[in-house]
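Structure, as structure tokens:
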Amino acid sequence: MSGIFCSLKQLSVTYGRGAGALDCIDLDILTGERLAIIGESGSGKSTLARALAGLLPERAKVSGEILWPGLGHPPRPGRDFGFVFQDPGSSLNPVLTIGEQIAEGARRHLGLSWKQAYARAEELLGRVRMPQPDKAMRAFFHQLSGGQRQRVAIAAAIAAKPALLIADEATSALDVVVQAEIVRLLDGLVREDGTTLLFITHDIALASGFVDRIAVFQNSRLVEAGPVRSVISAPENDYTAALIASHRDLATPPLVAEAAS
Ligand SMILES: Nc1ncnc2c1ncn2[C@@H]1O[C@H](COP(=O)(O)OP(=O)(O)OP(=O)(O)O)[C@@H](O)[C@H]1O
Ligand code: NI
């Protein structure tokens, strides 16, 4: 783990006239770390992701600063960030083949020829463990299972070799077994590539199984951030403690040790 990738300084976001969606957030994201953003619905998790990726709607009011010491240049949205959402259909085009979708990103952002981009797409489908990558290249989105769709979305998200991968409830729609497979896949990919991962979820148990650090949000505020082991075993904040207590298996010592290993 080396240095600060991104630094939020007193970041606040308000949509239109409503109450603030993020309130004076101070948070450093470290280069190459896997950071979980935890919090219940409406706590501001996705707003944080959108603010980082430059995807807030125009009417949103933003104050404070986002610095990118780890990038060394102003962020280029399509190039430096990869996104995986809960619903992979929202970012994939139903009339393109899987191969075309993934190749397009690689071609556009890495300046590859179509031929090179197709080769890269097939290689990426292998990396995300799609069964029969060559066949999957010619398949359409609707022909795939939920887990396979999320694998394709991950392949598309990493096609341009982003420095930061943001997974926003990426596994929430999947059943528990597939959820675990996708988490393992994401974890392996970012470790291999040294990609910084922001893993956004309301599920503290799922996140604490693999991330390095946890940041807990409640009502637009960051209430606690720290290494997974210390947050789980000795939460400083009552809300964090309640989240952990609601997962009996998390509070059990052997699993805490396992999560931190
Ligand atoms: N496009 C928008 N326009 C107006 N208000 C919004 C918009 N997006 C989010 N909000 C509001 O901002 C607050 C934070 O929302 P956000 O989507 O960041 O929460 P979240 O933690 O990601 O929730 P969830 O777990 O349900 O995805 C909420 O009060 C929400 O209603
Ligand atoms: Ni959200």
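The values are calculated or read from the model by the stated rules, or taken from the named source; none is laboratory data. If you're wondering where the values come from, they're calculated on a predicted model, not measured in any experiment. Cβ coordinates were reconstructed from backbone atoms using ideal geometry, including for glycine residues, and neighbour counts include every protein chain displayed.
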### Task
Having 3 or more residues that are surrounded by fewer than 18 Cβ atoms within 10 Å (Cβ to Cβ) is the bar; report the helices (runs of 4 or more DSSP H) wholly within region 50-139 that clear it.
77-80, 98-110, 114-127
### Query
Cβ-Cβ below 7 Å, separation at least six or inter-chain, first residue in region 41-54 and under 18 Å from Leu71 (Cβ atoms), second near ligand 2 (Cβ under 9 Å from one of its atoms): which pairs?
Ala49/Asp168; Ala49/Ile200
#### Entry: Selected residue (only one of Ala60, Ala53 is within 16 Å of ligand 2 (Cβ to nearest atom), in the same structural domain as Ile4 (by TED's automatic domain parsing), closer than 30 Å to Leu22 by Cα and more than 17 Å from the chain's Cα centre (by Cα))
Ala60
### Message
Which of the numbered conditions does Met1 fail, given that it passes all the others? Conditions: (1) at pLDDT 95 or above; (2) touching an Asp or Glu at 6+ places or on another chain (Cβ under 7 Å).
### Response
(1)
### Task
Could you list all residues from region 14-49 that are closer than 17 Å to Pro77 by Cβ and in a strand (DSSP E or B)?
Ile29
### Query
Would you call Gly89 touching a residue at least 12 places away in the same chain (Cβ under 8 Å), farther than 21 Å from Val211 by Cα, over 15 Å from the mean Cα position of the chain (by Cα) and away from ligand 1 (no atom under 13 Å from the Cβ)?
yes
#### Entry: Residue under evaluation Arg221, criteria (1) over 27 Å from Gln116 (Cβ atoms); (2) in contact with a His (Cβ under 8 Å, 6 or more places away or on another chain), criterion not met
(2)
### Summary
Going through (1) within 23 Å of Val211 (Cβ to Cβ); (2) in contact with a Ser or Thr (Cβ under 7 Å, 6 or more places away or on another chain) one by one, Met137 fails only at (1)
## Note on the structure
Among residues of region 1-49 being away from ligand 1 (no atom under 12 Å from the Cβ) and among the β-branched types (Val, Ile, Thr), the residue surrounded by the fewest Cβ atoms within 10 Å (Cβ to Cβ) is Ile4
### Query
Only one of these conditions is not met by Lys45: (1) over 21 Å from Thr171 (Cβ atoms); (2) out of contact with any helix residue (DSSP H, G or I) (no Cβ under 9 Å at 6 or more places or on another chain). Which number is it?
(1)
